[in-house]
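Working notes, structure below.
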Amino acid sequence: MSSLRSVVDEFAVEDLGRLEDRQLEDDLVEIDLQMTRLGAQRSRRLAVVDQRGSYRDHGFLSTTAWLAARCNISGREATVRLARARALCLMPATGAAFVAGDIGVSTVNQLVAARRAQPGVFADHEAGLVEAVKPLSPQDTYRVVEYWRQALDHYHDDCEQRFQQRRLNVSSTFEGMVRGDFDLDPEGGQIVLTAIGALSESTDPADTRTPQQRRADSLVELCRDYLDHGDTPTQGGEKPHISLLVSLGTLESRAGKPCELDETGVITAQAARRIACDAGISRIITQGPSEPLDVGRRTRTIPPALRRALLLRDQGCVIKGCDRPTRWCDAHHIKHWVDGGETKLPNLELLCRRHHTMEHEGNTFPRKTRAP
């Protein structure tokens, strides 16, 4: 181990600015290979520590708890490492390829999962599978392993098990964000990937969003499109909709409260004005901050006939260079109705959700030239 530390110490003081590009690239590839081999040695040692149960000497209740504490990693990562180490004890061909650096951690994990699904059959096929996947990328390895599993009698049961494991968690946080995570079976997952991928591609050179931000915006657009155009069931006699509680002072850009959504809490005045561009507004007169005295009818929604005329005229987002079609656009009051703007065609335009948000944040963009 002292030799290993010495090598790492040498790397730490090396002047990388003096190395040529080719040398840097070769070094990077070699370091990655040796890290893979070190990972194999880590698994070998972890398996022996686990078998000996030496964690008990330190007061821990499990190898996982000991590993997480001693190596300063999460419990989840410790569980994954231990499961891999235990499995490799029963996978000689995989272990040998891992030690040699012929396969990486991703490939090892896929082979471990294949063995877990069919341990008896895998033992007979392991050597052939390992040789088949050695030259392959993790993506191609996945395909090989999946076709191997498909050829087995129990593949259908495995697919059904994956389908039953589907889940989605989503909830608002006290910080004003909404957080979620999910697992989908291959078919459902492909549908989601295709839909989000189609919406998240951008050819706009001025689009500075990260790929993660584009995917997040795409998910919101998909849900917004369903609420606007889908065959949604009614709830309490109404279609599902978001509810915004906002004071007149806030809409008029004066200081005021409340200004919040029903589940996710406080939002900015600019966001409230954007949402109110085309929304059903229910007037509620209160005595003090909370006692309702009168509830009026909805107003300010753009009528269907006027919306059709707007869609026909603008045919998508009016911002120059934006190719978002009408389906992904909001109707925007050029002069907000709170400021006296009329809900008439000359005072309306289509903006995609991204540009609509940015306009209400104070940004301005050149518009396309309308056809005469």
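Listed by position, the helices (runs of 4 or more DSSP H) inside region 113-220 whose residues that are more than 20 Å from Leu90 (Cβ to Cβ) and in the same structural domain as Leu90 (by TED's automatic domain parsing) number at least 3 are 138-150, 155-164.
Can you tell me which of (1) of a type outside the set (A, V, I, L, M, F, W, C); (2) assigned to a helix (DSSP H, G or I); (3) at pLDDT 75 or above; (4) more than 19 Å from His360 (Cα to Cα) is the one Asp228 doesn't meet? (3) is the only condition that Asp228 fails.
Among the residues of region 31-43, is there at least one that is surrounded by fewer than 11 Cβ atoms within 10 Å (Cβ to Cβ), within 25 Å of Ile103 (Cα to Cα) and at pLDDT 90 or above?
Just the residues of region 31-43 that are surrounded by fewer than 11 Cβ atoms within 10 Å (Cβ to Cβ), to begin with: none.
Scanning region 31-43, I find no residue that is surrounded by fewer than 11 Cβ atoms within 10 Å (Cβ to Cβ), within 25 Å of Ile103 (Cα to Cα) and at pLDDT 90 or above, so the answer is no.
Out of all the residues in region 44-60, is one or more assigned by TED's automatic domain parsing to the domain that holds Ala93 and in contact (Cβ under 8 Å) with a residue 40 or more places away in the chain? Even if it seems obvious, please write down each step before you answer.
So in region 44-60, the residues assigned by TED's automatic domain parsing to the domain that holds Ala93 come out as 44-60.
Next, only the ones that are in contact (Cβ under 8 Å) with a residue 40 or more places away in the chain stay: 44, 47.
Checked region 44-60: at least one residue is assigned by TED's automatic domain parsing to the domain that holds Ala93 and in contact (Cβ under 8 Å) with a residue 40 or more places away in the chain.
Looking at Asp9, Asp21, Asp27, can you tell me which residue is closer than 25 Å to Pro135 by Cα, surrounded by fewer than 17 Cβ atoms within 10 Å (Cβ to Cβ) and among the charged types (D, E, K, R)? Outline the logic, then answer.
On the way: Asp9 fails: closer than 25 Å to Pro135 by Cα; Asp21 fails: closer than 25 Å to Pro135 by Cα.
On inspection, the qualifying residue turns out to be Asp27.
Close contacts from region 177-202, counting a first residue that is farther than 18 Å from Arg143 by Cα and surrounded by 10 or more Cβ atoms within 10 Å (Cβ to Cβ) and a second that is hydroxyl-bearing (Ser, Thr, Tyr) and at pLDDT 80 or above, with Cβ to Cβ under 6 Å and a gap of 6+ residues or different chains, come to Ile196/Ser218; Leu199/Ser218; Ser200/Ser218.
For Gly17, state whether it is modelled with pLDDT of 90 or more and either in the same structural domain as Ile103 (by TED's automatic domain parsing) or out of contact with any Asp or Glu (no Cβ under 6 Å at 6 or more places or on another chain) (or both). So Gly17 does not fit the description; no. Residue count for region 1-18 under the criterion of being of a type in the set (Asp, Glu) and part of a helix (DSSP H, G or I): the result is 2.
Identify the residue in region 337-357 that is free of Cβ contacts under 8 Å to residues at least 24 places away in the same chain and touching a strand residue (DSSP E or B) at 6+ places or on another chain (Cβ under 9 Å) and, among all such residues, is surrounded by the fewest Cβ atoms within 10 Å (Cβ to Cβ). Working first, answer last.
We begin by selecting, within region 337-357, every residue free of Cβ contacts under 8 Å to residues at least 24 places away in the same chain; these are 340-342, 346-347.
Then drop every residue that is not touching a strand residue (DSSP E or B) at 6+ places or on another chain (Cβ under 9 Å), which leaves 341-342, 347.
Details: Gly341: 14, Glu342: 12, Asn347: 14.
That would be Glu342.
The values are calculated or read from the model by the stated rules, or taken from the named source; none is laboratory data. Keep in mind the model is a prediction, meaning the values are calculated, not measured. Positions of Cβ are generated from backbone atoms using ideal geometry, with glycine treated the same way; all protein chains shown enter the neighbour counts.
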